[in-house]
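Input: a single structure, listed below in structure tokens.
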Amino acid sequence: MSDMDEMDDGSGIVKKFMFLNRKAPHGTVYALEGLEVVLITAAFDQDVSMVFTDDGVFQLMKGIDSKGIEVKDFSKTYRALEGYDIEKLYVDQASLDARGLTEDDLIVDVTVLSVPEMANLMAEQDVVISF
Amino acid sequence: MPMVNIAGKEVEVDEEGYLVDLSQWNEDIAKYMAVEEKVDLTDSHWEVVNFLREYYAEYQIAPAVRVLTKAIGKKLGPEKGNNKYLYELFPYGPAKQACKIAGLPKPTGCI
């Protein structure tokens with residue numbers, strides 16, 4: 001139901017959820033499904049962060065044109081995350097470097113983390129879900 | 001999926017009546033969907049419907065109601081960006097009904 005965020009059972013338990021995105025945006029359904037799960041999770045007022053690592057960094061790349069493969073380009077949807085109060089987006093530095101990308105190539109503002117920083121962030125989570 | 005004839009044109013809708021191909025949308029389709037939803041379209045309704053179409057063009061998703069309410073408040077003012085106003089226009093759920101009329105898919109997170 002569209003009004004599900006009206007319902008508050010008052011339990012008030014907030015867990016730290018991390019969604020780990022490791023795959024290229026197209027070719028498999030992981031990236032799109034992962035994004036949809038994140039948008040749904042946003043309705044439950046949890047502490048959500050998203051991590052983009054390995055080929056997952058391509059999900060955030062500017063200028064994606066998916067017309068040739070006849071699938072929807074959902075990269076613009078990452079820009080909607082802010083409106084869903086999902087503002088913690090992290091990208092793995094080594095994954096960017098390995099693909100010749102920098103923060104300027106990405107469609108949204110992110111925090112770029114080193115491997116040890118990423119490991120610490122993961123250790124703080126209650127739930128880590130990988131796509 | 002079911003086909004319906006709207007103003008002389010065959011259009012495909014899903015099992016809940018949402019338009020399948022967004023690019024087919026026009027005002028006739030909006031009016032047809034509104035009748036289905038028992039909504040009398042006024043300028044205030046159109047304002048929300050057009051807002052949703054712009055939102056979709058920008059972000060490629062239909063927003064959840066909470067996000068829609070907030071975004072409308074930002075764009076059209078707080079007197080419109082609240083549940084009371086939007087539910088008066090679309091009693092069975094602003095996101096759900098207005099999206100259908102706007103030719104968008106059912107909002108993500110709307111289960």
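If a residue has to be assigned to a helix (DSSP H, G or I), small (Gly, Ala, Ser) and more than 10 Å from chain A (Cβ to nearest Cβ) to count, how many in the range B:50-80 make the cut?
Going through the range B:50-80, the residues assigned to a helix (DSSP H, G or I) turn out to be B:50-59, B:65-76.
From what is left, the residues that are small (Gly, Ala, Ser) are B:57, B:71, B:73.
When the remaining residues are screened for being more than 10 Å from chain A (Cβ to nearest Cβ), the result is B:73.
Of the residues in the range B:50-80, 1 are assigned to a helix (DSSP H, G or I), small (Gly, Ala, Ser) and more than 10 Å from chain A (Cβ to nearest Cβ).
Run down B:40, B:21 and say which single residue is exposed (fewer than 14 other Cβ atoms within 10 Å of the Cβ), more than 14 Å from every other protein chain (Cβ to nearest Cβ) and of a type outside the set (A, V, I, L, M). Walk me through it before giving the result.
Numbers: B:21 fails: more than 14 Å from every other protein chain (Cβ to nearest Cβ).
When all the criteria are applied, what remains is B:40.
The residue pairs whose first member lies in the range A:43-71 and is closer than 27 Å to residue B:95 by Cα and in a loop (DSSP other than H, G, I, E, B), whose second member is of a type outside the set (A, V, I, L, M) and at pLDDT 90 or above, and whose beta carbons are closer than 6 Å, counting only pairs six or more residues apart or on different chains, are A:46/A:15; A:46/A:17; A:71/A:26. Under the condition of being within 14 Å of chain B (Cβ to nearest Cβ) and either under 11 Å from the mean Cα position of the chain (by Cα) or touching a residue at least 60 places away in the same chain (Cβ under 8 Å) (or both), the residues counted in the range A:25-40 number 9.
If we keep just the residues of the range A:41-71 that are under 13 Å from the mean Cα position of the chain (by Cα) and within 14 Å of another protein chain (Cβ to nearest Cβ), which is surrounded by the most Cβ atoms within 10 Å (Cβ to Cβ)? So, considering only residues that are under 13 Å from the mean Cα position of the chain (by Cα) and within 14 Å of another protein chain (Cβ to nearest Cβ), the one surrounded by the most Cβ atoms within 10 Å (Cβ to Cβ) is A:59.
Can we say residue A:31 is within 20 Å of residue B:64 (Cα to Cα), outside any loop (DSSP other than H, G, I, E, B) and either modelled with pLDDT under 90 or in contact with a His (Cβ under 6 Å, 6 or more places away or on another chain) (or both)? Can you show your working first?
Numbers: within 20 Å of residue B:64 (Cα to Cα): yes; outside any loop (DSSP other than H, G, I, E, B): yes; either modelled with pLDDT under 90 or in contact with a His (Cβ under 6 Å, 6 or more places away or on another chain) (or both): no.
No.
Taking the range B:73-111 as the range and being modelled with pLDDT of 90 or more and in contact with a Leu (Cβ under 7 Å, 6 or more places away or on another chain) as the test, the residues that pass are B:98, B:99, B:102, B:103, B:104. Residue B:83 meets all of the listed conditions (1) within 13 Å of another protein chain (Cβ to nearest Cβ); (2) crowded, with 17+ Cβ neighbours inside 10 Å but one, namely (2).
Of all positions in the range A:99-111, at least one carries a residue that is in contact with a strand residue (DSSP E or B) (Cβ under 7 Å, 6 or more places away or on another chain), within 25 Å of residue B:55 (Cβ to Cβ) and part of a strand (DSSP E or B). When the residues of the range A:72-88 are filtered to those that are at the interface with chain B (Cβ under 7 Å from one of its Cβ atoms) and among the small types (Gly, Ala, Ser), the one that is surrounded by the most Cβ atoms within 10 Å (Cβ to Cβ) is A:80.
Selection of the range B:54-79 for residues being surrounded by 19 or more Cβ atoms within 10 Å (Cβ to Cβ) and in contact (Cβ under 8 Å) with a residue 24 or more places away in the chain yields B:56, B:61, B:62, B:63, B:64, B:65, B:68, B:69, B:72.
The values are calculated or read from the model by the stated rules, or taken from the named source; none is laboratory data. What you see is a predicted model, and the numbers here were worked out from it, not measured in a lab. Glycine gets a Cβ as well: all are built from the backbone with ideal geometry, and neighbour counts include every protein chain shown.
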